[in-house]
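Take a look at the structure below.
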Amino acid sequence: MSGKLYLVGIGPGSLEYATPRAIEAIKGSDVVVGYKSYLKLVEDLLSGKEVVSSGMRHEVERAKLGVELALKGKKVAVVSSGDPGVYAMASVVLEYLAENALRLEVEIIPGITSALAAAALLGSPLGNDFAVISLSDLLVPWREIERRIELAARGDFVIVLYNPRSSKRNWQLDRAREIVLRYRTSETPVGIVKNAYREGCTVEVTTLGGMDTEQADMLTTVIIGSSRSFVYDGKIITPRGYKRKYSLRG
Ligand code: SAH
């Protein structure tokens, strides 16, 4: 008998922002696998379950373990924060299945990814085209990341930065800012959201020139506006379209 593997996104933090389906899948699983701080967010759902937690760097081990348990017939929930398909476990699990020619029933349950959580707290910075870039060069060469920042900046995309800074990766955000400043003014709005929808949530609206890159950490999402983004009443707004296409006068 083969079990089932749920790849569950639990959203940015508080369970209010997880979907009913995500909660149902965790409740209905025999085993829950995840990074320990994510499991803390869902600890109310874990009583009576086998729980396997591990450190951040062990994504492949977590994937392997989840697959093995599901192949043995268990219902397994592999939990990611935000969405499981965005810089998270869904790819690792599906790649592992593909690489080893394994077949298993898998259900992927989407969650609110950090870009959307941060955007909601900032206003409407994603009202037009945007690019999402992770500044983590642990799995992708920095050269490639830099190239994408450059192209997104040239394309005037709003730019969402995941993994902006950690204690070891402490120069990438400054470098990203330098690159974007070649194409945008120092007045360009920037939003910095830490711990979105969790304890310790902070939201700052600043500018590309004035941003304090040192305050970013591994639980921070940074949104850099396009040339058309502006700030009104503390909120970053990227217009939905070009003004002449619609009239907003009340
Ligand atoms: N799967 C996750 C992303 C994992 S990468 C998702 O869909 O959101 C980890 C990065 O996500 C962090 O470095 C940070 O940039 C962002 N992040 C995760 N949780 C966050 C939160 N609560 N508030 C702000 N950013 C967060």
query: For the subset of the stretch 95-132 comprising residues that are more than 30 Å from Asp233 (Cα to Cα) and assigned to a loop (DSSP other than H, G, I, E, B), which member is most open to solvent (accessible area, probe 1.4 Å)?
result: Arg103
message: Condition check: within 16 Å of the ligand (Cβ to nearest atom) and farther than 22 Å from Ala152 by Cβ. Does Val222 satisfy that?
response: no
- request: For the stretch 107-133, name all the residues that are over 30 Å from Glu24 (Cα atoms) and of a type in the set (Gly, Ala, Ser).
  value: Gly123, Ser124, Gly127, Ala131
message: Exactly one of these conditions fails for Ile145: (1) among the aliphatic types (A, V, I, L, M); (2) assigned to a helix (DSSP H, G or I); (3) within 15 Å of the ligand (Cβ to nearest atom); (4) in contact with a strand residue (DSSP E or B) (Cβ under 6 Å, 6 or more places away or on another chain). Give me its number.
response: (4)
- request: Any chance you could count how many residues in the stretch 209-227 are open to solvent by 50 Å² or more (accessible area, probe 1.4 Å) and in a helix (DSSP H, G or I)?
  value: 1
task: For Leu138, indicate whether it is out of contact with any helix residue (DSSP H, G or I) (no Cβ under 6 Å at 6 or more places or on another chain), open to solvent by 10 Å² or more (accessible area, probe 1.4 Å) and more than 25 Å from Glu24 (Cα to Cα).
output: yes
query: Counting only residues that are surrounded by fewer than 18 Cβ atoms within 10 Å (Cβ to Cβ) and touching a residue at least 40 places away in the same chain (Cβ under 8 Å), how many does the stretch 5-15 have?
result: 1
query: Do we have any residue at all in the stretch 24-37 that's open to solvent by 10 Å² or more (accessible area, probe 1.4 Å), under 28 Å from Ala117 (Cα atoms), within 13 Å of the ligand (Cβ to nearest atom) and modelled with pLDDT under 95?
result: yes
query: How about the stretch 157-208: which of its residues are open to solvent by less than 60 Å² (accessible area, probe 1.4 Å), more than 16 Å from the ligand (Cβ to nearest atom) and part of a loop (DSSP other than H, G, I, E, B)?
result: Arg184, Ser186, Thr188, Leu208
- line: In the stretch 62-94, anything within 16 Å of the ligand (Cβ to nearest atom), open to solvent by 70 Å² or more (accessible area, probe 1.4 Å) and either in contact with a Gly (Cβ under 6 Å, 6 or more places away or on another chain) or in a helix (DSSP H, G or I) (or both) is listed as Leu94
- request: Quickly run through the stretch 175-229 and pick out the residues that are among the hydroxyl-bearing types (Ser, Thr, Tyr) and closer than 22 Å to Asn128 by Cβ.
  value: Tyr183, Thr185, Ser186, Thr188, Thr206, Thr207, Thr221, Ser226, Ser227, Ser229
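The values are calculated or read from the model by the stated rules, or taken from the named source; none is laboratory data. None of these values were measured; they are calculated from a predicted model. Note that we place each Cβ from the backbone using ideal geometry, even for glycine, and neighbour counts take in every protein chain shown. For accessibility, only protein heavy atoms count, side chains too; no ligands or nucleic acids. Shrake-Rupley method; radii C 1.70, N 1.55, O 1.52, S 1.80 Å.
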